[in-house]
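Structure record follows, encoded as C-alpha coordinates.
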Amino acid sequence: MHGNAFLTSSIIINMSKSITFQVQPGGKLQGEARVPGDKSMSHRSIMLGSLAEGVTHVKGFLEAEDALATLQAFRDMGVEIEGPVNGELTIHGVGKHGLKAPKNDLYLGNSGTSMRLLSGLLAGQAFNSVLTGDKSLSGRPMKRVTEPLATMGADIKTTERGTAPLHITGRAGQLTGIDYAMPIASAQVKSCLLLAGMYAQGVTCVTEPAPTRDHTERMLAGFNYPVKQEGNKVSITAEGSLTAADIDVPSDISSAAFFLVGASIAPGSDLLLKHVGINPTRTGIIDILRLMGANIEVLNERTVGGEPVADLHVVYSPLKGIDIPEHLVPLAIDEFPVLFVAAACAEGQTRLTGAEELRVKESDRIQVMADGLQILGVDAQPTEDGMIIQSGPIGGGEVISHGDHRIAMSFSIAGLRADAPITIRDCENVNTSFPEFRDLATRLGLNLVCREEA
Ligand code: S3P
(Lines give C-alpha, C1' and ligand atoms only; values in the text may rest on other atoms or scores of the structure.)
Protein backbone atom coordinates (compact mmCIF):
# COMPACT_ATOMS: atom_id res chain seq x y z
CA MET A 1 0.00 0.00 0.00
CA HIS A 2 1.40 3.43 -0.89
CA GLY A 3 0.97 6.69 0.92
CA ASN A 4 -2.42 8.27 0.27
CA ALA A 5 -3.75 5.11 -1.35
CA PHE A 6 -7.40 4.29 -0.73
CA LEU A 7 -7.76 0.98 1.03
CA THR A 8 -9.69 -1.81 -0.54
CA SER A 9 -8.84 -4.68 1.82
CA SER A 10 -11.27 -5.42 4.62
CA ILE A 11 -8.65 -5.39 7.34
CA ILE A 12 -6.25 -2.53 7.75
CA ILE A 13 -3.08 -4.04 9.14
CA ASN A 14 -0.24 -1.62 8.70
CA MET A 15 0.07 0.07 12.07
CA SER A 16 3.07 2.17 11.06
CA LYS A 17 0.87 4.23 8.73
CA SER A 18 -1.72 6.67 9.79
CA ILE A 19 -5.29 6.04 8.66
CA THR A 20 -7.72 8.82 7.87
CA PHE A 21 -11.44 8.21 7.41
CA GLN A 22 -13.46 10.47 5.12
CA VAL A 23 -17.23 10.42 5.27
CA GLN A 24 -19.44 12.03 2.68
CA PRO A 25 -22.55 13.58 4.18
CA GLY A 26 -25.96 11.91 4.16
CA GLY A 27 -27.14 8.42 3.35
CA LYS A 28 -29.12 5.85 5.27
CA LEU A 29 -28.39 2.38 6.67
CA GLN A 30 -30.27 -0.56 5.20
CA GLY A 31 -29.95 -4.33 5.14
CA GLU A 32 -28.80 -7.09 7.40
CA ALA A 33 -25.48 -7.61 9.15
CA ARG A 34 -23.69 -9.62 11.77
CA VAL A 35 -21.09 -7.46 13.51
CA PRO A 36 -17.93 -9.13 14.91
CA GLY A 37 -17.70 -11.09 18.15
CA ASP A 38 -17.92 -9.61 21.61
CA LYS A 39 -14.59 -8.24 22.77
CA SER A 40 -15.09 -8.85 26.49
CA MET A 41 -16.14 -12.45 25.95
CA SER A 42 -13.35 -13.09 23.44
CA HIS A 43 -10.71 -12.06 26.04
CA ARG A 44 -12.30 -14.24 28.68
CA SER A 45 -12.62 -17.25 26.34
CA ILE A 46 -8.83 -17.28 25.90
CA MET A 47 -8.13 -16.78 29.59
CA LEU A 48 -10.50 -19.42 30.93
CA GLY A 49 -9.97 -21.83 28.02
CA SER A 50 -6.24 -21.71 28.74
CA LEU A 51 -6.75 -22.45 32.45
CA ALA A 52 -9.19 -25.29 31.79
CA GLU A 53 -8.47 -29.00 31.78
CA GLY A 54 -9.07 -30.24 28.25
CA VAL A 55 -9.71 -28.72 24.85
CA THR A 56 -11.95 -25.67 24.43
CA HIS A 57 -13.44 -24.75 21.06
CA VAL A 58 -14.41 -21.12 20.52
CA LYS A 59 -16.66 -19.81 17.72
CA GLY A 60 -17.32 -16.15 16.95
CA PHE A 61 -13.98 -15.02 18.43
CA LEU A 62 -13.20 -11.36 17.70
CA GLU A 63 -10.17 -11.31 15.39
CA ALA A 64 -9.11 -7.80 16.32
CA GLU A 65 -5.98 -6.45 17.96
CA ASP A 66 -7.20 -6.31 21.58
CA ALA A 67 -8.37 -9.92 21.77
CA LEU A 68 -5.37 -11.05 19.71
CA ALA A 69 -3.10 -9.42 22.33
CA THR A 70 -4.66 -11.65 24.99
CA LEU A 71 -4.28 -14.66 22.71
CA GLN A 72 -0.58 -13.90 22.15
CA ALA A 73 0.02 -13.43 25.89
CA PHE A 74 -1.29 -16.94 26.58
CA ARG A 75 0.78 -18.40 23.75
CA ASP A 76 3.75 -16.66 25.38
CA MET A 77 2.86 -18.51 28.59
CA GLY A 78 3.02 -21.86 26.86
CA VAL A 79 -0.60 -22.44 25.85
CA GLU A 80 -1.15 -24.10 22.47
CA ILE A 81 -3.90 -22.26 20.64
CA GLU A 82 -4.93 -23.14 17.07
CA GLY A 83 -6.48 -20.42 14.93
CA PRO A 84 -8.19 -18.09 14.73
CA VAL A 85 -9.65 -19.13 11.40
CA ASN A 86 -12.98 -17.47 10.61
CA GLY A 87 -13.46 -16.74 14.31
CA GLU A 88 -12.77 -20.33 15.37
CA LEU A 89 -10.13 -21.29 17.91
CA THR A 90 -9.01 -24.48 19.58
CA ILE A 91 -7.40 -23.93 22.96
CA HIS A 92 -5.44 -26.76 24.53
CA GLY A 93 -6.01 -25.91 28.18
CA VAL A 94 -3.08 -26.34 30.55
CA GLY A 95 -5.11 -26.37 33.79
CA LYS A 96 -5.21 -23.81 36.57
CA HIS A 97 -1.55 -24.30 37.49
CA GLY A 98 -0.16 -25.03 34.04
CA LEU A 99 0.90 -21.61 32.75
CA LYS A 100 4.63 -21.18 32.13
CA ALA A 101 6.87 -18.17 32.71
CA PRO A 102 6.87 -15.97 29.59
CA LYS A 103 10.33 -15.41 28.10
CA ASN A 104 9.66 -11.75 27.44
CA ASP A 105 7.41 -8.94 28.63
CA LEU A 106 3.76 -9.52 27.75
CA TYR A 107 2.79 -6.72 25.35
CA LEU A 108 -0.93 -5.99 25.51
CA GLY A 109 -1.21 -3.20 22.95
CA ASN A 110 -4.20 -0.94 23.61
CA SER A 111 -6.13 -3.40 25.73
CA GLY A 112 -7.10 -2.33 29.24
CA THR A 113 -9.13 -5.50 29.72
CA SER A 114 -6.10 -7.70 29.00
CA MET A 115 -3.88 -5.77 31.38
CA ARG A 116 -6.28 -5.48 34.29
CA LEU A 117 -7.56 -9.05 34.15
CA LEU A 118 -4.07 -10.48 33.66
CA SER A 119 -2.70 -8.54 36.62
CA GLY A 120 -5.07 -10.48 38.89
CA LEU A 121 -4.43 -13.81 37.25
CA LEU A 122 -0.64 -13.43 37.25
CA ALA A 123 -0.38 -12.16 40.83
CA GLY A 124 -0.81 -15.71 42.16
CA GLN A 125 1.36 -17.61 39.66
CA ALA A 126 4.65 -19.36 40.41
CA PHE A 127 6.57 -17.05 38.06
CA ASN A 128 7.22 -13.36 37.53
CA SER A 129 5.91 -11.33 34.62
CA VAL A 130 5.93 -7.84 33.16
CA LEU A 131 2.88 -6.33 31.43
CA THR A 132 3.39 -3.51 28.93
CA GLY A 133 1.12 -1.64 26.52
CA ASP A 134 0.96 1.11 23.93
CA LYS A 135 1.00 4.83 24.73
CA SER A 136 -2.71 5.02 25.57
CA LEU A 137 -2.67 1.92 27.79
CA SER A 138 0.52 3.12 29.50
CA GLY A 139 -1.34 6.25 30.60
CA ARG A 140 -4.38 4.48 32.08
CA PRO A 141 -4.90 4.04 35.83
CA MET A 142 -3.80 0.67 37.19
CA LYS A 143 -3.96 1.44 40.93
CA ARG A 144 -7.63 0.48 40.85
CA VAL A 145 -6.38 -3.11 40.46
CA THR A 146 -2.94 -3.04 42.09
CA GLU A 147 -4.21 -1.57 45.38
CA PRO A 148 -6.83 -4.23 46.18
CA LEU A 149 -4.47 -6.91 44.85
CA ALA A 150 -1.79 -5.64 47.28
CA THR A 151 -4.18 -6.16 50.18
CA MET A 152 -4.48 -9.78 48.99
CA GLY A 153 -0.71 -10.04 49.28
CA ALA A 154 0.19 -9.43 45.64
CA ASP A 155 3.50 -7.82 44.68
CA ILE A 156 2.98 -5.58 41.65
CA LYS A 157 5.07 -2.51 40.86
CA THR A 158 3.71 0.29 38.70
CA THR A 159 5.28 3.60 37.68
CA GLU A 160 5.03 6.40 40.25
CA ARG A 161 1.86 7.55 38.49
CA GLY A 162 0.28 4.15 39.05
CA THR A 163 0.52 3.17 35.40
CA ALA A 164 2.05 0.35 33.30
CA PRO A 165 4.49 -1.29 32.90
CA LEU A 166 3.39 -3.63 35.67
CA HIS A 167 6.16 -5.72 37.23
CA ILE A 168 4.50 -8.72 38.85
CA THR A 169 6.31 -10.99 41.28
CA GLY A 170 4.29 -14.20 41.32
CA ARG A 171 3.23 -15.10 44.84
CA ALA A 172 1.89 -18.63 44.36
CA GLY A 173 0.24 -19.93 47.51
CA GLN A 174 0.66 -16.61 49.31
CA LEU A 175 -2.44 -14.64 48.32
CA THR A 176 -5.33 -14.29 50.78
CA GLY A 177 -8.94 -13.57 49.90
CA ILE A 178 -10.43 -10.15 50.69
CA ASP A 179 -13.87 -8.68 51.04
CA TYR A 180 -13.70 -5.69 48.72
CA ALA A 181 -16.30 -3.00 48.13
CA MET A 182 -15.35 -1.47 44.79
CA PRO A 183 -15.34 2.34 44.87
CA ILE A 184 -16.11 2.43 41.12
CA ALA A 185 -18.39 0.27 39.03
CA SER A 186 -15.80 -1.62 36.99
CA ALA A 187 -16.10 -5.07 35.43
CA GLN A 188 -12.36 -5.09 34.85
CA VAL A 189 -11.59 -4.58 38.55
CA LYS A 190 -14.21 -7.14 39.57
CA SER A 191 -12.89 -9.70 37.08
CA CYS A 192 -9.27 -9.06 38.07
CA LEU A 193 -10.05 -9.79 41.72
CA LEU A 194 -12.08 -12.89 40.88
CA LEU A 195 -9.19 -14.27 38.83
CA ALA A 196 -6.78 -13.55 41.71
CA GLY A 197 -9.30 -15.16 44.07
CA MET A 198 -8.92 -18.43 42.17
CA TYR A 199 -5.41 -18.57 43.66
CA ALA A 200 -6.06 -17.12 47.12
CA GLN A 201 -6.59 -18.74 50.50
CA GLY A 202 -10.13 -18.28 51.80
CA VAL A 203 -12.92 -16.38 50.14
CA THR A 204 -12.52 -13.42 47.79
CA CYS A 205 -15.69 -11.36 47.76
CA VAL A 206 -16.30 -8.31 45.54
CA THR A 207 -19.23 -5.94 46.03
CA GLU A 208 -20.13 -3.62 43.18
CA PRO A 209 -21.70 -0.19 43.66
CA ALA A 210 -23.79 -0.79 40.51
CA PRO A 211 -24.16 -3.78 38.18
CA THR A 212 -21.39 -4.17 35.61
CA ARG A 213 -20.91 -6.74 32.87
CA ASP A 214 -20.89 -10.24 34.31
CA HIS A 215 -19.26 -12.24 31.53
CA THR A 216 -16.48 -13.50 33.82
CA GLU A 217 -18.98 -14.90 36.30
CA ARG A 218 -21.10 -16.50 33.57
CA MET A 219 -18.14 -18.01 31.76
CA LEU A 220 -16.59 -19.34 34.98
CA ALA A 221 -19.89 -21.08 35.66
CA GLY A 222 -19.87 -22.42 32.08
CA PHE A 223 -16.45 -23.93 32.81
CA ASN A 224 -17.89 -25.48 35.98
CA TYR A 225 -15.93 -23.26 38.34
CA PRO A 226 -17.94 -22.36 41.46
CA VAL A 227 -18.81 -18.65 41.76
CA LYS A 228 -21.41 -17.38 44.21
CA GLN A 229 -23.60 -14.42 43.35
CA GLU A 230 -25.73 -12.81 46.08
CA GLY A 231 -27.25 -9.51 45.03
CA ASN A 232 -24.39 -7.16 44.24
CA LYS A 233 -21.76 -9.45 45.83
CA VAL A 234 -19.82 -12.11 44.00
CA SER A 235 -17.43 -14.49 45.69
CA ILE A 236 -14.96 -17.15 44.68
CA THR A 237 -12.37 -19.43 46.29
CA ALA A 238 -9.41 -21.48 45.11
CA GLU A 239 -11.45 -24.67 45.56
CA GLY A 240 -12.25 -25.69 42.02
CA SER A 241 -10.96 -26.39 38.58
CA LEU A 242 -12.13 -25.43 35.12
CA THR A 243 -13.49 -28.03 32.72
CA ALA A 244 -13.07 -27.26 29.02
CA ALA A 245 -16.25 -26.01 27.35
CA ASP A 246 -17.39 -24.93 23.90
CA ILE A 247 -17.95 -21.20 23.61
CA ASP A 248 -20.09 -19.42 21.02
CA VAL A 249 -19.28 -15.72 21.24
CA PRO A 250 -22.21 -13.54 20.11
CA SER A 251 -21.81 -10.26 18.21
CA ASP A 252 -20.61 -7.35 20.28
CA ILE A 253 -23.43 -4.99 21.23
CA SER A 254 -20.77 -2.28 21.58
CA SER A 255 -19.99 -2.67 17.86
CA ALA A 256 -23.68 -2.98 16.97
CA ALA A 257 -24.18 0.34 18.82
CA PHE A 258 -22.71 2.35 15.94
CA PHE A 259 -25.36 0.99 13.61
CA LEU A 260 -28.17 1.24 16.17
CA VAL A 261 -27.42 4.96 16.42
CA GLY A 262 -26.73 5.36 12.69
CA ALA A 263 -30.06 3.82 11.70
CA SER A 264 -31.89 5.79 14.41
CA ILE A 265 -30.60 9.16 13.14
CA ALA A 266 -30.63 8.66 9.36
CA PRO A 267 -34.10 9.02 7.76
CA GLY A 268 -35.08 6.00 5.66
CA SER A 269 -32.89 3.56 7.60
CA ASP A 270 -34.06 0.00 8.29
CA LEU A 271 -31.50 -2.46 9.61
CA LEU A 272 -31.40 -5.97 11.07
CA LEU A 273 -28.40 -6.76 13.27
CA LYS A 274 -28.15 -10.51 13.81
CA HIS A 275 -27.00 -12.62 16.76
CA VAL A 276 -26.17 -9.72 19.09
CA GLY A 277 -25.31 -10.36 22.74
CA ILE A 278 -28.03 -8.77 24.89
CA ASN A 279 -26.73 -9.60 28.36
CA PRO A 280 -28.72 -7.21 30.63
CA THR A 281 -25.43 -5.75 31.93
CA ARG A 282 -24.73 -4.51 28.38
CA THR A 283 -28.05 -3.27 27.03
CA GLY A 284 -27.95 0.31 28.34
CA ILE A 285 -27.55 1.49 24.72
CA ILE A 286 -30.95 0.05 23.79
CA ASP A 287 -32.61 1.48 26.92
CA ILE A 288 -31.13 4.95 26.40
CA LEU A 289 -31.95 5.07 22.69
CA ARG A 290 -35.51 3.93 23.40
CA LEU A 291 -35.90 6.66 26.04
CA MET A 292 -34.83 9.07 23.29
CA GLY A 293 -37.58 7.71 21.02
CA ALA A 294 -35.65 5.15 18.95
CA ASN A 295 -37.49 2.33 17.25
CA ILE A 296 -35.57 -0.83 18.19
CA GLU A 297 -37.16 -4.27 18.28
CA VAL A 298 -35.50 -7.18 20.07
CA LEU A 299 -36.37 -10.31 18.05
CA ASN A 300 -35.76 -14.02 18.29
CA GLU A 301 -34.39 -13.95 21.86
CA ARG A 302 -32.45 -17.08 22.78
CA THR A 303 -29.67 -18.24 25.09
CA VAL A 304 -26.36 -19.26 23.58
CA GLY A 305 -23.71 -20.71 25.88
CA GLY A 306 -25.18 -19.06 28.97
CA GLU A 307 -25.49 -15.62 27.34
CA PRO A 308 -28.71 -14.05 26.00
CA VAL A 309 -28.64 -13.31 22.27
CA ALA A 310 -31.15 -11.67 19.90
CA ASP A 311 -31.56 -10.03 16.51
CA LEU A 312 -32.02 -6.27 16.70
CA HIS A 313 -34.29 -4.52 14.20
CA VAL A 314 -33.84 -0.76 14.09
CA VAL A 315 -35.78 1.70 11.97
CA TYR A 316 -35.25 5.47 11.73
CA SER A 317 -37.23 7.47 14.23
CA PRO A 318 -36.90 11.12 15.26
CA LEU A 319 -35.07 11.33 18.60
CA LYS A 320 -35.63 13.69 21.51
CA GLY A 321 -33.13 14.87 24.11
CA ILE A 322 -33.21 13.35 27.62
CA ASP A 323 -31.42 13.40 30.94
CA ILE A 324 -29.68 10.02 30.80
CA PRO A 325 -30.54 8.05 33.96
CA GLU A 326 -27.32 7.49 35.94
CA HIS A 327 -28.12 3.85 36.66
CA LEU A 328 -27.77 3.16 32.93
CA VAL A 329 -24.23 4.58 32.75
CA PRO A 330 -22.28 1.38 33.61
CA LEU A 331 -24.60 -0.59 31.34
CA ALA A 332 -23.66 1.55 28.34
CA ILE A 333 -20.17 2.60 29.40
CA ASP A 334 -18.51 2.05 26.00
CA GLU A 335 -21.36 3.50 23.97
CA PHE A 336 -21.28 7.16 25.02
CA PRO A 337 -19.14 8.44 22.15
CA VAL A 338 -21.80 7.34 19.67
CA LEU A 339 -24.64 8.31 22.02
CA PHE A 340 -23.24 11.86 21.97
CA VAL A 341 -23.75 11.81 18.21
CA ALA A 342 -27.34 10.62 18.75
CA ALA A 343 -27.78 13.49 21.23
CA ALA A 344 -26.63 16.03 18.64
CA CYS A 345 -29.47 14.78 16.41
CA ALA A 346 -32.09 14.64 19.18
CA GLU A 347 -34.54 17.49 19.55
CA GLY A 348 -33.74 19.66 22.58
CA GLN A 349 -31.08 18.99 25.18
CA THR A 350 -29.42 15.75 26.30
CA ARG A 351 -27.53 15.66 29.56
CA LEU A 352 -25.16 12.97 30.79
CA THR A 353 -23.99 12.92 34.42
CA GLY A 354 -22.23 10.36 36.62
CA ALA A 355 -19.91 9.23 33.83
CA GLU A 356 -16.48 10.46 35.01
CA GLU A 357 -15.07 7.03 34.08
CA LEU A 358 -15.26 8.15 30.44
CA ARG A 359 -12.26 10.37 31.13
CA VAL A 360 -9.97 7.35 31.64
CA LYS A 361 -10.96 5.14 28.73
CA GLU A 362 -8.79 4.67 25.61
CA SER A 363 -8.93 8.49 25.44
CA ASP A 364 -10.66 11.14 27.58
CA ARG A 365 -13.94 10.46 25.83
CA ILE A 366 -15.71 13.48 27.33
CA GLN A 367 -13.11 15.99 26.16
CA VAL A 368 -12.31 14.36 22.84
CA MET A 369 -15.97 14.03 21.81
CA ALA A 370 -16.82 17.56 22.98
CA ASP A 371 -13.87 18.98 21.02
CA GLY A 372 -14.83 17.08 17.88
CA LEU A 373 -18.53 17.91 18.08
CA GLN A 374 -17.70 21.60 18.58
CA ILE A 375 -15.50 21.51 15.47
CA LEU A 376 -18.56 20.19 13.61
CA GLY A 377 -20.62 23.09 14.93
CA VAL A 378 -22.53 21.21 17.64
CA ASP A 379 -23.20 22.88 21.00
CA ALA A 380 -21.55 20.23 23.23
CA GLN A 381 -20.44 21.38 26.69
CA PRO A 382 -18.18 18.98 28.60
CA THR A 383 -18.64 18.73 32.36
CA GLU A 384 -16.53 16.95 34.96
CA ASP A 385 -18.67 13.81 34.78
CA GLY A 386 -20.53 14.02 31.49
CA MET A 387 -21.76 16.36 28.79
CA ILE A 388 -24.63 18.67 27.87
CA ILE A 389 -25.53 18.61 24.19
CA GLN A 390 -28.07 20.74 22.33
CA SER A 391 -29.53 19.47 19.12
CA GLY A 392 -28.44 21.30 16.02
CA PRO A 393 -27.12 20.77 12.54
CA ILE A 394 -23.89 18.79 12.22
CA GLY A 395 -21.45 20.50 9.91
CA GLY A 396 -18.36 19.20 8.16
CA GLY A 397 -14.78 19.51 9.27
CA GLU A 398 -11.71 17.68 10.44
CA VAL A 399 -11.65 15.89 13.79
CA ILE A 400 -9.09 13.70 15.55
CA SER A 401 -9.86 10.36 17.15
CA HIS A 402 -6.84 10.53 19.48
CA GLY A 403 -6.14 6.90 18.68
CA ASP A 404 -9.47 5.83 20.17
CA HIS A 405 -11.40 3.30 18.05
CA ARG A 406 -14.82 4.26 19.37
CA ILE A 407 -14.26 7.98 18.71
CA ALA A 408 -13.25 7.24 15.10
CA MET A 409 -16.34 5.14 14.46
CA SER A 410 -18.67 7.57 16.23
CA PHE A 411 -17.63 10.52 14.06
CA SER A 412 -18.02 8.30 11.00
CA ILE A 413 -21.64 7.71 11.99
CA ALA A 414 -22.13 11.47 12.48
CA GLY A 415 -21.57 11.77 8.71
CA LEU A 416 -25.06 10.33 8.14
CA ARG A 417 -26.54 13.58 9.43
CA ALA A 418 -23.78 16.01 8.48
CA ASP A 419 -24.23 18.65 5.80
CA ALA A 420 -20.60 18.53 4.59
CA PRO A 421 -17.78 15.94 4.55
CA ILE A 422 -16.15 14.89 7.83
CA THR A 423 -12.48 13.92 7.94
CA ILE A 424 -11.38 11.82 10.91
CA ARG A 425 -7.67 11.53 11.59
CA ASP A 426 -5.83 8.86 13.51
CA CYS A 427 -8.17 5.92 12.87
CA GLU A 428 -5.65 3.02 12.98
CA ASN A 429 -7.08 1.90 16.30
CA VAL A 430 -10.40 0.89 14.77
CA ASN A 431 -8.51 -2.39 14.34
CA THR A 432 -8.49 -2.93 18.09
CA SER A 433 -12.19 -3.83 18.11
CA PHE A 434 -13.74 -3.69 14.63
CA PRO A 435 -11.39 -4.20 11.66
CA GLU A 436 -14.33 -4.76 9.31
CA PHE A 437 -16.02 -1.48 10.24
CA ARG A 438 -15.25 0.38 7.04
CA ASP A 439 -16.41 -2.43 4.75
CA LEU A 440 -19.52 -3.22 6.73
CA ALA A 441 -20.55 0.42 7.20
CA THR A 442 -20.08 1.01 3.48
CA ARG A 443 -22.14 -2.04 2.56
CA LEU A 444 -24.96 -0.82 4.80
CA GLY A 445 -24.96 2.65 3.25
CA LEU A 446 -22.36 4.90 4.86
CA ASN A 447 -20.23 6.73 2.34
CA LEU A 448 -16.84 6.20 3.99
CA VAL A 449 -13.38 5.87 2.49
CA CYS A 450 -10.05 5.22 4.21
CA ARG A 451 -6.84 6.97 3.29
CA GLU A 452 -3.50 5.71 4.41
CA GLU A 453 -0.61 8.09 4.94
CA ALA A 454 3.01 7.32 5.71
C1 S3P B 1 -14.65 -4.25 30.06
C2 S3P B 1 -15.12 -3.45 31.06
C3 S3P B 1 -15.31 -1.99 30.92
C4 S3P B 1 -15.34 -1.57 29.46
C5 S3P B 1 -14.23 -2.21 28.68
C6 S3P B 1 -14.35 -3.72 28.71
C7 S3P B 1 -14.48 -5.69 30.32
O8 S3P B 1 -14.25 -1.33 31.55
O9 S3P B 1 -15.24 -0.17 29.36
O10 S3P B 1 -14.26 -1.79 27.33
O11 S3P B 1 -14.30 -6.47 29.36
O12 S3P B 1 -14.50 -6.08 31.50
P13 S3P B 1 -14.31 -0.88 33.11
O14 S3P B 1 -14.31 -2.09 33.92
O15 S3P B 1 -13.06 -0.06 33.29
O16 S3P B 1 -15.55 -0.04 33.23
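Assorted remarks:
- Annotation for the range 108-202: trypsin sites (Lys or Arg not before Pro) lying in DSSP loop with at most 14 further Cβ atoms inside 10 Å of their Cβ are LYS135, ARG161.
- Other residues lying with their Cβ under 14 Å from the Cβ of LEU122 contribute a combined charge of +2, Lys and Arg counting +1, Asp and Glu -1.
- Rolling a 1.4 Å probe over the protein heavy atoms of the chain, with every protein chain left in place, gives an accessible area that is 50 percent carbon and sulfur.
- Bridge orientation summary for the chain: considering DSSP beta bridges with both residues in this region, about 70 percent are antiparallel.
- Cα gyration tensor shape for the range 39-248, rounded if a/c is under 1.5, else prolate or oblate: rounded
- The alpha carbon centroids of the range 29-105 and the range 323-358 are separated by 31 Å.
- Per residue value of the accessible surface for the range 358-437 (all protein chains in place, 1.4 Å probe), Å²: 29 Å²
- Modelled label positions at ALA221 and VAL203, each set 7 Å beyond Cα in the direction of Cβ, lie 1.8 nm from each other.
- Long pairs among LYS96/LYS135; LYS28/LYS274; LYS59/LYS233; LYS135/LYS157, criterion Cα-Cα beyond 20 Å: LYS96/LYS135; LYS59/LYS233
- GluC sites (Glu not before Pro) within the range 72-181, DSSP loop, no more than 10 other Cβ atoms inside 10 Å: GLU160
- When the Cα gyration tensor is reduced to axis lengths a ≥ b ≥ c, the ratio a/c is 1.5 or higher for the range 374-430, and with a/b not above b/c it is classed as oblate.
- Taking the chain and dividing mean pair separation by its residue count, relative contact order in percent (alpha carbons under 8 Å, at least six apart): 22 percent
- With a cut-off of 15 Å between beta carbons, the residues surrounding LEU271 carry a summed charge of 0, where Lys and Arg count +1 and Asp and Glu -1.
- Cα gyration tensor, the range 400-448 - rounded (a/c under 1.5), prolate or oblate: oblate
- The alpha-carbon of LYS190 sits under 12 angstrom from the alpha-carbons of these aspartates and glutamates, leaving out residues fewer than 8 places away in its chain: ASP179, GLU208, ASP214, GLU217.
- Cβ-defined net charge surrounding GLY403, 9 Å radius [Lys, Arg +1; Asp, Glu -1]: -4
- The range 39-248, relative contact order [Cα under 8 Å, separation at least 6], %: 21 percent
- Helix-only [θ]222 nm of the chain, DSSP H runs n ≥ 4, -39500 (n - 2.57) each, per residue, nearest 500: -8000 deg cm²/dmol
- Extension gain, ALA126 to THR442: 0.36 nm times the residue separation minus the Cα-Cα distance gives 108.9 nm.
- Scalar couplings 3J(HN,Hα) for the range 436-442, obtained by applying the Karplus form with A = 6.51, B = -1.76, C = 1.60 to θ = phi - 60°, are 8, 3, 4, 5, 5, 4, 5 Hz; x denotes Gly and Pro.
- The chain: projected area of the alpha-carbon convex hull, averaged over directions, in nm²: 18.9 nm²
The values are calculated or read from the model by the stated rules, or taken from the named source; none is laboratory data. Quick caveat: nothing in here was measured; it's all calculated off a predicted structure. Cβ sites come from the backbone with ideal geometry, for glycine too, and all protein chains shown count toward neighbours. Ligands, DNA and RNA are excluded from the accessible area calculation, which covers all protein heavy atoms including side chains. Shrake-Rupley method; radii C 1.70, N 1.55, O 1.52, S 1.80 Å.
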